[in-house]
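Participant: This structure is in structure tokens; I'll ask about it shortly.
The values are calculated or read from the model by the stated rules, or taken from the named source; none is laboratory data. Note that the structure is predicted; figures quoted are calculated from it, not measured. Cβ sites come from the backbone with ideal geometry, for glycine too, and all protein chains shown count toward neighbours.
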Amino acid sequence: MSVMIEKSKPWYREPWPWILMVMPVTAVVAGSFMMWLAVSTEDGLVEDDYYKKGLTINQTIERDQAAQSLHIKAQLMVGDDPAHVRLMLQGGQPGTPPQQLRLKVLHPTRAGMDQVVNLTRRGEGYYEGEIKLLGAAKWRLILEDMDKLWRLTGIWQVPKDKSVALSSRG
């Protein structure tokens, strides 16, 4: 009686070792990518001194209420030139309107991309300023007078919005 011995294949020709290795190899590749991503990108803080910023919240609320009591509203517009912004200001104290306004353009996550734009009065309630080109994001806007007596806020979705209404939070 003769027994036939089946010749076995080497392990690397079998499908099961490869199937079992797929998940661990995938985890190592994904983990390596995540490690590279964590090391190569900056962890920007939204606010460096969050504690002191939190203590000044009452002053911020007072500035919002001041803008509301003065019935101040603004409309920010961007024309064909995205580096040039125009602002129409309504309301405020009777008399001479401020010569300059400050517009803070704040990125939602990267403080290094924030800008401060000085807007100069060009006519009755009409202000203009130059701004650096902005990337696509929901930028937070804060408009204030130079004495920081009042402020208006708004959200600008770049490049979708060509105009943004700024108002007090009251």
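Participant: Could you look through region 65-78, keep only residues that are more than 21 Å from the chain's Cα centre (by Cα) and on the phi < 0 side of the Ramachandran plot, and pick out the one that is surrounded by the most Cβ atoms within 10 Å (Cβ to Cβ)? First the steps, then the outcome.
Facilitator: Step one: list which residues in region 65-78 are more than 21 Å from the chain's Cα centre (by Cα), which gives 65-73.
So of that shortlist, the ones also on the phi < 0 side of the Ramachandran plot come out as 65-70, 72-73.
Working: Gln65: 14, Ala66: 17, Ala67: 27, Gln68: 17, Ser69: 12, Leu70: 15, Ile72: 21, Lys73: 17.
Checking each candidate, the answer is Ala67.
Participant: Among the residues of region 123-132 satisfying the criterion of being without any contact (Cβ under 8 Å) to a residue 40 or more places away in the chain and exposed (fewer than 12 other Cβ atoms within 10 Å of the Cβ), which is farthest from Pro82 (Cα to Cα)?
Facilitator: First, pick out the residues of region 123-132 that are without any contact (Cβ under 8 Å) to a residue 40 or more places away in the chain: 123-125.
Checking the rest, the ones that are also exposed (fewer than 12 other Cβ atoms within 10 Å of the Cβ) come to 123-124.
Details: Gly123: 21, Glu124: 23 Å.
This residue is Glu124.
Participant: Additional query: Counting just the residues of region 133-170 that are of a type in the set (Gly, Ala, Ser) and in contact (Cβ under 8 Å) with a residue 40 or more places away in the chain, which one comes out farthest from Leu89 (Cα to Cα)?
Facilitator: Keep residues of region 133-170 that are of a type in the set (Gly, Ala, Ser), which gives 135-137, 154, 163, 165, 167-168, 170.
From what is left, the residues that are in contact (Cβ under 8 Å) with a residue 40 or more places away in the chain are 154, 163, 165, 167-168, 170.
Details: Gly154: 14, Ser163: 13, Ala165: 10, Ser167: 10, Ser168: 13, Gly170: 18 Å.
Among those residues, the one meeting the criterion is Gly170.
Participant: Would it be correct to say that Thr41 is of a type in the set (S, T, N, Q), surrounded by 13 or more Cβ atoms within 10 Å (Cβ to Cβ), modelled with pLDDT under 90 and within 36 Å of the chain's Cα centre (by Cα)?
Facilitator: Details: of a type in the set (S, T, N, Q): yes; surrounded by 13 or more Cβ atoms within 10 Å (Cβ to Cβ): no; modelled with pLDDT under 90: yes; within 36 Å of the chain's Cα centre (by Cα): yes.
Spelling it out, it is not the case that Thr41 is of a type in the set (S, T, N, Q), surrounded by 13 or more Cβ atoms within 10 Å (Cβ to Cβ), modelled with pLDDT under 90 and within 36 Å of the chain's Cα centre (by Cα).
Participant: For region 90-104, which residues satisfy the criterion of being assigned to a strand (DSSP E or B) and without any contact (Cβ under 8 Å) to a residue 40 or more places away in the chain?
Facilitator: Here is the first cut: in region 90-104, the ones assigned to a strand (DSSP E or B) are 90, 100-104.
The answer is Gln90, and nothing else.
Participant: Does region 69-89 include one or more residues that are more than 26 Å from Leu134 (Cβ to Cβ) and part of a helix (DSSP H, G or I)?
Facilitator: Of the residues in region 69-89, the ones more than 26 Å from Leu134 (Cβ to Cβ) are 69-71.
Okay, now just the ones that are also part of a helix (DSSP H, G or I), so 69.
Checked against the condition, which is being more than 26 Å from Leu134 (Cβ to Cβ) and part of a helix (DSSP H, G or I), region 69-89 yields at least one hit.
Participant: State which residue is surrounded by the most Cβ atoms within 10 Å (Cβ to Cβ) when the search covers only region 102-122 and only residues that are aliphatic (A, V, I, L, M) and over 9 Å from the mean Cα position of the chain (by Cα). Steps first, please.
Facilitator: Restricting attention to region 102-122, the residues satisfying the condition of being aliphatic (A, V, I, L, M) are 103, 105-106, 111, 113, 116-117, 119.
If we keep only those that are over 9 Å from the mean Cα position of the chain (by Cα) too, we end up with 103, 116-117, 119.
Working: Leu103: 22, Val116: 11, Val117: 19, Leu119: 24.
Residue satisfying both the conditions and the ranking: Leu119.
Participant: Can I ask one more? Considering only region 133-170, state which residues are under 19 Å from Pro82 (Cα atoms), of a type outside the set (A, V, I, L, M) and in contact with a strand residue (DSSP E or B) (Cβ under 6 Å, 6 or more places away or on another chain).
Facilitator: Filtering region 133-170 for residues under 19 Å from Pro82 (Cα atoms) gives 133-143, 154-166.
Filter once more, keeping what is of a type outside the set (A, V, I, L, M): 135, 138-140, 154, 156-157, 159-163.
The answer is Lys138, Trp139, Arg140, Gly154, Trp156, Gln157, Lys162, Ser163.
Participant: Go through region 71-101 and give me each residue that's basic (Lys, Arg) and under 20 Å from Gln115 (Cβ atoms). Please lay out each step first, then the result.
Facilitator: Within region 71-101, the subset basic (Lys, Arg) is 73, 86.
The one that is basic (Lys, Arg) and under 20 Å from Gln115 (Cβ atoms): Arg86.
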